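Enquirer: Just dropping this structure here.
The values are calculated or read from the model by the stated rules, or taken from the named source; none is laboratory data. From a predicted model like this one, the values you see are computed outputs, not experimental measurements. All accessible areas refer to the heavy atoms of the entire protein, side chains included, with ligands and DNA or RNA removed. Shrake-Rupley method; radii C 1.70, N 1.55, O 1.52, S 1.80 Å.
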Amino acid sequence: MERRRRQLRAFRKRRELTTVIDRTKAIAPSDILAFVTLRNERIRLPYFLRYYRNLGIRHFLIVDNGSDDGSAAYLEAQEDVSLWSTGASYKAASFGVDWLNHLLRHYGTGHWTLTVDPDEFFVYPFCDTRPIEALTDWLDTYDIRSFPAMLLDMYPKGPIDAVPYREGQNPFEIAAWFDAGNYTIERNWYFQNLWIQGGPRARMFFSKTPEAAPSLNKIPLVKWERDFVFASSTHMLLPRGLNMVYDEWGGEKASGCLLHAKFLSPLTAKVAEEMKRREHYSGSREYAAYQETLSTEPDLWTKWSEKYINWRQLEILGLMSKGNWA
């Protein structure tokens, strides 16, 4: 019933979307598709699109939620982008999930779909030598329909605003560090997924209430079927079987990471904007924590921080796994 309710919400919310440019007729049956909701991310878009094109994404289906920084015009000019716009409430659309559930049902059915934010960069085993199609082919071989990725917050050494981010730049030239530990994992018995918290946001922005820190578990890569829905961002799906992406008997299933490039120089201005809009979860509690801490010009780096090298490093640290994919 919960799944049907969310499908109905998505069907109703489709009316809030206005087509800017529809190039979906160019999508081939085997194409891997990316689905994105964004607002005012113009500075990030050139590298974001280049990164995912290099991985093997063939088409981007994007909802622009009222950008006024040129994001829509830039995306409209990209030949592998289909774009929808809306000025409706992000919060009232289940934080954009309703819009994406509609597009996923209509265009993603039968495809491998990757649902990410503009500051998330998918890393998977062998991603330095194998395109994403190699991963999805392997998943198809074993009839695996969903693939998890832990959100790994990346940050610079020194104050976040000390080094300005340039358009088109690899964000991990600046935000090159991450926490190798400091994570908690528990099972969500209702949705059957794992709930992961911790990292720099828990220790710096939610140090007094770490249980309120943002969740880091995501399932971004899914072989979409018509009756699937995201239930909360990409943290969990329905049917619930899609959330069981872990081994209950002590082994390891293949998994990836989403390198999270939030902590870059555009963040302070972004936080100020979002605190005015109040369109995020729980009264924008997360952004309120950012605003309070950013005023002190914090340095997220510690002597225990790890500098990012590649996916093999993340596997050694236990943050992702190649499972039985060789």
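Enquirer: For residue 140, what accessible surface area do you get with a 1.4 Å probe? Give it in Å², rounded to 10.
Expert: Around 70 Å² of this residue is reachable by solvent.
Enquirer: I would also like to ask the following. Give the ranking of 295, 85 by solvent-accessible surface, highest area first, calculated with a 1.4 Å probe. Walk me through the numbers before you get to the answer.
Expert: Working: 295 90, 85 35 Å².
Reading off the accessible areas and sorting them downward yields 295, 85.
Enquirer: At 1.4 Å probe size, put 2, 133 in order of accessible surface, largest to smallest.
Expert: 133, 2
Enquirer: Quick one: 3J(HN,Hα) in Hz for the stretch 207-215, Karplus 6.51/-1.76/1.60 with θ = phi - 60°, rounded, Gly and Pro as x.
Expert: Listing the rounded values in order: 5, 7, 9, x, 5, 9, 5, x, 7 Hz.
Enquirer: Can I ask one more? Given the C-alpha centroids of the stretch 94-148 and the stretch 294-308, what is the distance between them in whole angstrom?
Expert: Comparing the Cα centres of the stretch 94-148 and the stretch 294-308, I get a distance of 31 Å.
Enquirer: Rounded, prolate or oblate: pick one for the stretch 197-312, where a ≥ b ≥ c are the square roots of the eigenvalues of its C-alpha gyration tensor, a/c under 1.5 means rounded, and failing that, prolate if a/b is larger than b/c, else oblate.
Expert: oblate
Enquirer: For the stretch 93-105, what does the Karplus curve 6.51 cos²θ - 1.76 cosθ + 1.60, with θ = phi - 60°, yield as ³J(HN,Hα) per residue in whole Hz, taken in order and with x for Gly and Pro?
Expert: Once θ is set to phi - 60°, the couplings for the stretch 93-105 become 9, 6, 6, x, 5, 4, 4, 5, 4, 5, 5, 5, 5 Hz.
Enquirer: State the antiparallel share, in %, of DSSP beta bridges confined to the chain, rounding to the nearest 5.
Expert: Among the beta bridges of the chain, antiparallel pairing accounts for roughly 55 percent.
Enquirer: Taking the Cα atoms of the chain, what is the range of coordinates along each of the three principal axes, in descending order and whole Å?
Expert: For the chain, the Cα extents along the three principal axes come out at 49, 48, 39 Å.
Enquirer: I'd like to check one number: the per residue accessible area of the chain, probe 1.4 Å, reported in Å² as a whole number.
Expert: 45
Enquirer: Going by amide H atoms built from the backbone, whose H comes under 5 Å of the H on residue 195, apart from near neighbours?
Expert: Excluding prolines and chain starts, which carry no amide H, the hits are 186, 187, 188.
Enquirer: Give the long-range amide H neighbours of residue 231: residues separated by 5 or more places, or on another chain, with amide H under 5 Å away, using H modelled in the peptide plane at 1.01 Å from N.
Expert: 236, 237, 238
Enquirer: With the full set of protein chains in place, find how many percent of the accessible area of the chain is carbon and sulfur; take the probe as 1.4 Å.
Expert: Taking all protein chains in place, the chain shows 51 percent carbon and sulfur surface.
Enquirer: Now a separate question. For the stretch 1-135, give me the percentage of DSSP beta bridges that are antiparallel, rounded to the nearest 5 percent.
Expert: Values: 3 of 17 bridges.
So the antiparallel bridges amount to about 20 percent of the total.
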